[in-house]
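Data block below; observations after.
The values are calculated or read from the model by the stated rules, or taken from the named source; none is laboratory data. Keep in mind that what you see is a predicted model, and the values were worked out from it rather than measured. Glycine also receives a Cβ, built like all others from the backbone with ideal geometry; neighbour counts cover every protein chain displayed.
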Amino acid sequence: MTYCIGIITRDGLVLAADSRTNAGVDYTSTYRKLFDFSRPSDRVVLLCTSGNLSVSQGVLRSIRSDLRVEDGKHLYNLPDMYSIAQYLGDKLRQVQERDRTWLEKDNIDYSCNFLLGGQVEGEDPELYLIYPQGNFIQATEETPFLQIGETKYGKPILDRTITFETPLSAVSKCVLLSIDSTMKSNISVGPPIDITMYEANTFEIRHRLQLTPGDPYLAKIRKLWETSVRKAFTEMPNVEWEYRRDFSVDDVFTD
């Protein structure tokens, strides 16, 4: 399983991903899932992957091959992030269509999702979620974060914390807590954790970090977060039973 997250704010973008890949309970591997295809001074293109590893690797290989050929579409000659999202959707369809028959024959799930974030010169930063079918949605000011993979455990803190106005420093901290919450509840998500922060209109990735298993900072934030959550829990007022009416079974079926 995988957990990847992208957040867009007024100040820029933060994308992060774990690196654990499972092929059964007794086989886990580590593969990078956050990729940087940026070209300094012109465009920033960040990509996170989840789902079938062979399909995602096939798409990445096709993208890199296009960059070596002068003719045709590629990441560096498309005019905006929307066009890049369309291009990636097309690539995903092509690889899935090529392998579909053989994967379906053995009942193998060939679905794959992508998070695409970045900025092309002359445009604002944008963030997209590309579905296995090749279509996609865009993050907005009202919904500034997108997730792929094992999303449910890391979503509550995002819902309660993140807005389009949140500073990037706070966004980065929230992203790591979201991933840590997911790792705490699901062993199929795990380090190394890759995280990248992009400041809008700089067209340069100045902040990137990989947190490996046992990293002191990762252990520190986990301990502080657990302590803070327990403290908040103990300070919550008890249920005010004396102000609650006791309902009987008859109440439920009485108009």
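The table for this structure:
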| quantity | calculated |
| --- | --- |
| Residue, surrounded by the fewest Cβ atoms within 10 Å (Cβ to Cβ), within the range 100-127, restricted to residues that are over 17 Å from the mean Cα position of the chain (by Cα) and charged (D, E, K, R) | D106 |
| Exclusive hit being at pLDDT 95 or above, of a type outside the set (A, V, I, L, M, F, W, C) and on the phi > 0 side of the Ramachandran plot, set G72, G12 | G12 |
| Number of positions in the range 152-173 that are touching a residue at least 40 places away in the same chain (Cβ under 8 Å), part of a helix (DSSP H, G or I) and out of contact with any Phe, Trp or Tyr (no Cβ under 8 Å at 6 or more places or on another chain) | 4 |
| Subset of the range 194-225 [touching a residue at least 60 places away in the same chain (Cβ under 8 Å) and either small (G, A, S) or touching a helix residue (DSSP H, G or I) at 6+ places or on another chain (Cβ under 8 Å) (or both)] | I195, M197, E199, A200 |
| Count - residues of the range 26-54 that are within 25 Å of D99 (Cα to Cα), of a type outside the set (S, T, Y), surrounded by fewer than 22 Cβ atoms within 10 Å (Cβ to Cβ) and modelled with pLDDT under 95 | 4 |
| Any chance E165 is of a type in the set (D, E), within 21 Å of S50 (Cβ to Cβ) and in contact with a Ser or Thr (Cβ under 8 Å, 6 or more places away or on another chain) | no |
| Selection count where residues are surrounded by fewer than 17 Cβ atoms within 10 Å (Cβ to Cβ) and closer than 13 Å to G58 by Cα, scope the range 72-99 | 6 |
| E142 vs. criteria part of a loop (DSSP other than H, G, I, E, B), of a type outside the set (A, V, I, L, M, F, W, C) and touching a Phe, Trp or Tyr at 6+ places or on another chain (Cβ under 9 Å) | yes |
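Rundown of residues vs (1) modelled with pLDDT of 95 or more; (2) closer than 25 Å to L92 by Cβ, yes/no style:
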| residue | (1), (2) |
| --- | --- |
| P132 | no, yes |
| Q138 | yes, yes |
| G154 | no, yes |
| S172 | yes, no |
| K184 | no, no |
| I187 | no, no |
| I195 | yes, yes |
| N201 | yes, no |
